[in-house]
There are 2 protein chains.
Amino acid sequence: MRRVSKLSCAGFRFGATRAGIKASGAPDIGVIVADEPTAAAAVFTSNQFKAAPVLVSRAALRKSAGRLRAVVVNSGNANACTGAAGVRDARAMAARAADALGVPHEQIAVASTGVIGDPLPMDRVLPGIDAALGAGSRGGFTEFAGAILTTDRGVKTAHTRATLGATKATLLGCTKGAGMIAPNLATTLTFVTTDARVPADRLQEILQRAADRTFNAISVDGDTSTNDMILVMASGRAGNRGALSGFEDGLTELLDDLSRQLMGGGEGVHHVVTVRVVGARHDRAARAVARTVANSPLVKTAIAGGDPNWGRFLMAVGNAGVPLAASRVALRFDDVTMVEGGVACEGGAALDARVAAVMSRPSYTVTIDLGQGRADAHYLSCDLSHEYVTINADYRT
Amino acid sequence: MRRVSKLSCAGFRFGATRAGIKASGAPDIGVIVADEPTAAAAVFTSNQFKAAPVLVSRAALRKSAGRLRAVVVNSGNANACTGAAGVRDARAMAARAADALGVPHEQIAVASTGVIGDPLPMDRVLPGIDAALGAGSRGGFTEFAGAILTTDRGVKTAHTRATLGATKATLLGCTKGAGMIAPNLATTLTFVTTDARVPADRLQEILQRAADRTFNAISVDGDTSTNDMILVMASGRAGNRGALSGFEDGLTELLDDLSRQLMGGGEGVHHVVTVRVVGARHDRAARAVARTVANSPLVKTAIAGGDPNWGRFLMAVGNAGVPLAASRVALRFDDVTMVEGGVACEGGAALDARVAAVMSRPSYTVTIDLGQGRADAHYLSCDLSHEYVTINADYRT
């Protein structure tokens, strides 16, 4: 994974501006504009309360059969829980960009993040879209990545090269949303551009699989927001032919990097823990156990305290609704085995100290071997800390 | 609901002793002994890691076809994650009481709560069982209720009378486990004696329904322990005949009282919140929404902060996996309506202040109307506070 100072991707321009949606005056509108309509795919929040921009972007991708010219993003206001008026505003955002670019409205996706329940200040949003489009440049990706932030500590970008036969393709991505810890429902927005040539239907399949292995496998608090979105646009400029497995590997690597930045950047997060489940009967079981352990508040407080309280991990394993043979289960913290055959290993206080040493690391892996089969899965977890409570209890009041 | 100073129930004796399992020297073995084998029923933890006493008690109820002479409980050691040796120890506890009472081993249930992973100190447990049996008396219920505690602030008992035709029956219960907040996996043990006449198979059905409406509908952290158990014994001394609906009402009332004591008694719990879902298409949907909202860490931190952040409640509603029409959803805090038709009501800061006033109460009800049908359900939730993190992060270290 490389990060370079001047981020660009053939076939795209990036723009940003300060439209005055945020009271702070920080940048709050960003655009990605493709040189021509390009293949695009997206995955959206599974929350039943989908914000207006999610509804509008989903419809655009369907109507355009996965061909987009641009995406317009605002921060500072989520346009969520805003009813029919919110949908009209999201459509007006798309229309403003479409008219400026001279393309059909369905070739524009929109995304929003920020406070919920308030109407968008359209008198500032619409001129802001014009300004962001006017500011577009080949090297403006970092500015775009900055304009989508809310409470994040800083810009989160990643960049990689994928090998597709004899061709190298670029993937360039950014994300926001301090690990779903921040207030404002902690929306996660992620945008990826690539010069790889990938048909829209294949791009959708590949994105879905890559998202399931990365962004859909992180847990700060188990909640998903009304506005979550991952959008990928592929210009095709690399001119690759043949198999796309190298592209899928690259996209998965890029999204893994971004999701770890997201989790580690959360306020109050001191430990990013990979919960790895092996020896499961099938993938669904492996995933259910990994998710249940990663989401357990008792596990997260144990992670926060660096407490080698292995019983909590076993208890969470047992709460996943997956049939288990307790006598086959093993538990490791990085390379230190704490439980074998469902019972604690010999070692007493010295073993506890070795596990505590692993748990003091900023990142480590807890491996749970179910001893039942060959399927595996992983999930990212983190600590549930005093800062989490402070940030989330005291927001708004 | 009455609480009387001298608790008793016809057909039972209760005993307790200090066996030295707890380092503190507090009472740690309790027994309930029926005058003769009586109808009994139990519900056990759904955790896949079932502690040895759960396995042994479940087998006893099956073998005896729901007829028990006694239950033996120890605190201070959970006999969980102890492998085959743990099962032998749990059987030895039952055998000791059975031999003393001259009944088959399968007429004795056992329960344990306390630290996990350590072998039971049988050299203290077995003489302790003898001593507790010897100390048995008609009025010893409060002593029994004290001997099952771990980190609880105090004894939790409840007492009610059920009307069964022309007969009045007594129900007497106790519980432990500071709202699943305490360490030691926070086992919940609940014991109920009654003089009602209820066949064992009917008792099992009634207990299951009553537990689903009460203990299975509380959420402190969504985790269930390896040792959880609710056991009911019915002596039949009241001599009732005919329908048992009055008994079911009484048992539900008793378990509701005990579950609220459990939740409110948790360290760091300042608000017990009833999450009530109405207008659902069917019971399963109502229950899923109530559980998801009650378990959401973002909702719990909002409860802790007394923050009228209605977006978090809606977001959690949307995360339940239940298809919804957002535009039909309403949200009330006690009698204050905050959201109607999926959007915030007019009222601004004054409305926020009225909601904040409700949220400052030690107990209140959040009503979520899905506007889709006639099914309803409720779940108890509470605040996720700094004390929760402190208690659970710092345990053992």
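Just so it is clear, none of the values below were taken in a lab; they were calculated from the coordinates. All values derive from a computational prediction rather than experimental measurement. Neighbour counts are summed over all protein chains in view; Cβ atoms, including those assigned to glycine, are modelled from backbone coordinates with ideal geometry.
Structure above, values below:
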item: Spin-label pair B:Asp35/B:Arg328, simplified geometry with 7 Å Cα→Cβ offset, distance in nm; result: 5.6 nm
item: Sequence ranges B:103-113, B:72-82, A:45-55, ranked by mean other-Cβ count within 10 angstrom, highest first; result: B:72-82, B:103-113, A:45-55
item: Estimated FRET transfer efficiency when R0 is 30 angstrom, pair A:Thr163-A:Thr337 (beta carbons, to 0.05); result: 0.20
item: Degrees, to the nearest 10: A:283-295 long Cα axis against longest axis of chain A; result: 90 degrees
item: Pseudo-label separations to other copies for A:Ala95 - Cα-to-Cβ vector, 7 Å, nm; result: 8.3
item: Inter-copy separations for A:Gly25, label at 7 Å along Cα-Cβ, nm, ascending; result: 6.9
item: Around A:Ala290: net Lys/Arg minus Asp/Glu count, Cβ-Cβ under 13 Å; result: +1
item: More than 26 angstrom apart: percent of Cα pairs within chain B; result: 54 percent
item: The protein assembly as shown, helix-only ellipticity at 222 nm - DSSP H runs n ≥ 4, -39,500 (n - 2.57), divided by all residues, nearest 500; result: -11000 deg cm²/dmol
item: Between 0 and 90°, nearest 10: helix B:83-101 axis offset from chain B longest Cα axis; result: 60 degrees
item: Separation in nanometres of the label points that stand 7 Å from Cα toward Cβ, at B:Ala100 and A:Ser137; result: 8.5 nm
item: Taking chain A and dividing mean pair separation by its residue count, relative contact order in percent (alpha carbons under 8 Å, at least six apart); result: 17 percent
item: Cβ-derived FRET efficiency at R0 41 Å, B:Arg284 paired with B:Ala357, nearest 0.05; result: 0.75
item: FRET E, pair A:Arg374, A:Lys63, Förster distance 45 Å, beta-carbon r, rounded to 0.05; result: 0.55
item: C-alpha center-to-center spacing [the range A:238-275, the range A:280-338] in angstrom; result: 24 Å
item: Candidates B:Val336, B:Val232, B:Val272: whichever shows maximal mean-square fluctuation once chain B is modelled as a Gaussian network with Cα springs under 10 Å; result: B:Val336
item: Cβ neighbours within 10 Å from other chains - mean over A:39-52; result: 3
item: Kirkwood Rh, Cα atoms: Rg over Rh of the range A:248-296; result: 1.04
item: Label-reachable residues, the range B:230-259, where backbone N falls under 16 Å from a point 7 Å from B:Arg202's Cα toward its Cβ; result: B:233-252
item: Spin-label model distance (nm) - B:Ala10 vs A:Thr365, 7 Å beyond Cα toward Cβ; result: 6.6 nm
item: Subset of B:Lys176/B:Lys300; A:Lys63/A:Lys168; A:Lys300/B:Lys50 violating a 29 Å alpha-carbon distance limit; result: A:Lys63/A:Lys168
item: Alpha-carbon gyration tensor eigenvalues x 5, square-rooted, for the protein assembly as shown, Å; result: 54, 29, 21
item: Teacher prompt: B:Asp212 distances to equivalent labels in other copies, 7 Å Cα→Cβ, nm; result: 3.2
